[in-house]
1. From the list Pro303, Pro333, pick out the single residue that is assigned to a loop (DSSP other than H, G, I, E, B) and either small (Gly, Ala, Ser) or under 25 Å from the mean Cα position of the chain (by Cα) (or both).
2. Can you name every residue in segment 98-127 that is closer than 14 Å to Gln65 by Cα and small (Gly, Ala, Ser)?
3. Kindly establish whether Val203 is surrounded by fewer than 18 Cβ atoms within 10 Å (Cβ to Cβ) and touching a residue at least 24 places away in the same chain (Cβ under 8 Å).
4. When you scan segment 261-279, how many residues do you find that are within 14 Å of Ala311 (Cα to Cα) and crowded, with 21+ Cβ neighbours inside 10 Å?
5. For segment 187-296, give me every one of the helices (runs of 4 or more DSSP H) that falls completely inside it and has 1 or more residues that are within 14 Å of Leu332 (Cβ to Cβ) and over 24 Å from the mean Cα position of the chain (by Cα).
6. Is it the case that segment 71-94 has a residue that's more than 19 Å from Leu7 (Cα to Cα), in a loop (DSSP other than H, G, I, E, B) and touching a residue at least 40 places away in the same chain (Cβ under 8 Å)?
7. Ser22: in a loop (DSSP other than H, G, I, E, B), assigned by TED's automatic domain parsing to the domain that holds Ala179 and not hydrophobic (A, V, I, L, M, F, W, C), yes or no?
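The values are calculated or read from the model by the stated rules, or taken from the named source; none is laboratory data. Because the structure is a prediction, the values reported are computed rather than measured. Here the Cβ positions follow ideal geometry from the backbone for every residue, glycine too, while neighbour counts run over all protein chains shown.
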Amino acid sequence: MRTNYALLVRALPPDSLEEFVSDWLEQRVKDYHSHELWRGTGDMGRDVTGYITDQRMEGPWDNFQCKQLSSSLKEASAFVELGKIFMHASNGEFSLPRSYYFVAPYGVARAVQSYIAHPERFRKAFLEHWDTKISKKLVSRQTIVLTPLIENTIKAFDFTQIHWLDSTKLVDDTACKVALVKWFGNDPGKSPRGVVPSQIQGVESEYISQLLDLYEQRGPGKFPDAAAALASAEFGTHLRDQRTRFFDAAAFDRFYRDSTPTEYLADFKDEIYHGVVETHREKHADGLDRASKVMKQAAVLQPSGVLGKHAGPQVKQGTCHQFANEGIKGRLPWKR
């Protein structure tokens, strides 16, 4: 049965919803230079902010106001949340946001949806209802009068840039995939296989250079380049297998780097390293024997987590070539 992540988002505590939205924005690198999570009292109507430039709140920014309620967001609450932004912006605390998003897992009431669909009607109603629905709700035990400065701030804001997101819209966004993995254990799926280029690539030159030295140590023959080794009856198939493993690992990295939290891939590599390092350190007949024993050990490792679930033998073996690719001073050089 497919997990209903929208329902799980609805069950998050208010603080967790804000953190979830923050994790979502972290993946929207094409939209935002950076983002910030605001907590507790004094947030001035901001829960999570997405910054378009390194000027952060002194440049264009988007506001994500999270409302974890037991039902849809009603008109009165929507007016008050927006009122906070206009009040503080008119006081010079920050510039008006470029866009404003209500993140309400249960959605918004029909009246709010209608206002958002009719931006100028929304502005007009907002001004008309300031005294009755907004002024006494912005600051405890105070009435915030609609001054000309606040009114001009409201008129300066582009009401076409008010939007709403319910939990379904949120989890369906491609950038939300990493947050779903982190928060609910969503399985990002199996990574694609790697594509092995016909020509040796710069990214694989170091570990291949080390393997060529190992082939010469084992003998017979000299192998000045990969082409010579690939043409060898003794080592050609071996080198092709290693390149397959390396590019499978590279494809694995690319896929999970984009679909899981950063630490998942780092933890996976650490588990591979610690699973083979003792085999690497043992005495061996020669370097090629060391590489062979490490490959055998890597193939049978069972790393934890979702990445371990999807890592086939060739990915784990290719990860060892990535360690060797770090150079002579790397974690697991084939040539010692």
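1. Values: Pro333 fails: either small (Gly, Ala, Ser) or under 25 Å from the mean Cα position of the chain (by Cα) (or both).
Within the list Pro303, Pro333, the selection yields Pro303.
2. Of everything in segment 98-127, those that are closer than 14 Å to Gln65 by Cα and small (Gly, Ala, Ser) turn out to be Ser99, Ala104, Gly107.
3. yes
4. Of the residues in that region, 2 qualify.
5. Working: elements: 205-218, 226-230, 236-259, 262-281.
Fully inside segment 187-296 and qualifying: 205-218, 236-259, 262-281.
6. At the first step, the residues of segment 71-94 found to be more than 19 Å from Leu7 (Cα to Cα) are 74-94.
Among the residues that remain, those that are also in a loop (DSSP other than H, G, I, E, B) are: 74, 91-94.
From what is left, the residues that are touching a residue at least 40 places away in the same chain (Cβ under 8 Å) are 93-94.
Yes: segment 71-94 contains one or more residues that are more than 19 Å from Leu7 (Cα to Cα), in a loop (DSSP other than H, G, I, E, B) and touching a residue at least 40 places away in the same chain (Cβ under 8 Å).
7. Details: in a loop (DSSP other than H, G, I, E, B): no; assigned by TED's automatic domain parsing to the domain that holds Ala179: yes; not hydrophobic (A, V, I, L, M, F, W, C): yes.
No: the conditions fail for Ser22.
The rows are residues; the columns are (1) more than 16 Å from Phe20 (Cβ to Cβ); (2) touching a Lys or Arg at 6+ places or on another chain (Cβ under 9 Å); (3) modelled with pLDDT of 95 or more.
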residue: Leu149; (1), (2), (3): yes, no, yes
residue: Phe157; (1), (2), (3): yes, yes, yes
residue: Leu180; (1), (2), (3): no, no, yes
residue: Asn186; (1), (2), (3): no, yes, no
residue: Glu206; (1), (2), (3): yes, no, no
residue: Gly221; (1), (2), (3): yes, no, no
